[in-house]
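*Asks:* I have a structure I would like to understand better, so I am pasting it below and will then ask my questions one at a time.
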Amino acid sequence: MKPKMSPGQLEAVGRFFFVLSEPGRLGLLLALVDGPLTVNELVEASGMKQPNVSKHLGVLHQHGLVKRERKGVCIRYEVADAVVFELCGLVRGRVAGEGSQSPMAHRGWGVVREQKKIPD
């Protein structure tokens, strides 16, 4: 039986995948796998410049993928729902199974996997 989704649900799923389609945002999520980090810690972990990290964190926060908590002058970011790691693990398994012949292997996944290992 084919799963049924309303137009609104389809739009929400599409937005979710659109947010995850940016390798930089995936890298930030993977950097957060071990727990909350500040923007400066994420800059160091990702190798991206601070304005890019802040921009991507804003998108991730806006779409509910990260949450933030202010402690004094610092803001710490953490993954809001670990289901994102399960999803990435499923896709990683698919990409690994198809090897370098997969169209997905040429769209940044190799870079993300080198930045931080996706937990099994």
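Any read-out appearing in this document is the output of simple, stated calculations on the displayed coordinates, not a laboratory observation. Being a predicted model, the structure only gives us computed values, none of them experimental. Backbone-built Cβ (ideal geometry, glycine too); neighbour counts: all protein chains shown.
*Asks:* When you scan region 76-94, how many residues do you find that are small (G, A, S) and either touching a Gly at 6+ places or on another chain (Cβ under 7 Å) or surrounded by 15 or more Cβ atoms within 10 Å (Cβ to Cβ) (or both)?
*Replies:* 1
*Asks:* Condition first: without any contact (Cβ under 8 Å) to a residue 60 or more places away in the chain and in a helix (DSSP H, G or I). Now tell me which residues in region 74-92 satisfy that. Spell out how you get there, then give the answer.
*Replies:* We begin by selecting, within region 74-92, every residue without any contact (Cβ under 8 Å) to a residue 60 or more places away in the chain; these are 74-83, 85-86, 89-92.
Hits for region 74-92 are V83, F85, E86, G89, L90, V91, R92.
*Asks:* Output the residues belonging to region 1-36 that are surrounded by 10 or more Cβ atoms within 10 Å (Cβ to Cβ), among the polar types (S, T, N, Q) and over 20 Å from M48 (Cα atoms).
*Replies:* The one that is surrounded by 10 or more Cβ atoms within 10 Å (Cβ to Cβ), among the polar types (S, T, N, Q) and over 20 Å from M48 (Cα atoms): Q9.
*Asks:* Output the residues belonging to region 30-54 that are touching a Lys or Arg at 6+ places or on another chain (Cβ under 7 Å) and of a type in the set (S, T, Y).
*Replies:* T38
*Asks:* Something else about it: Keeping to region 56-71, report how many residues are exposed (fewer than 14 other Cβ atoms within 10 Å of the Cβ) and out of contact with any strand residue (DSSP E or B) (no Cβ under 7 Å at 6 or more places or on another chain).
*Replies:* The total comes to 5.
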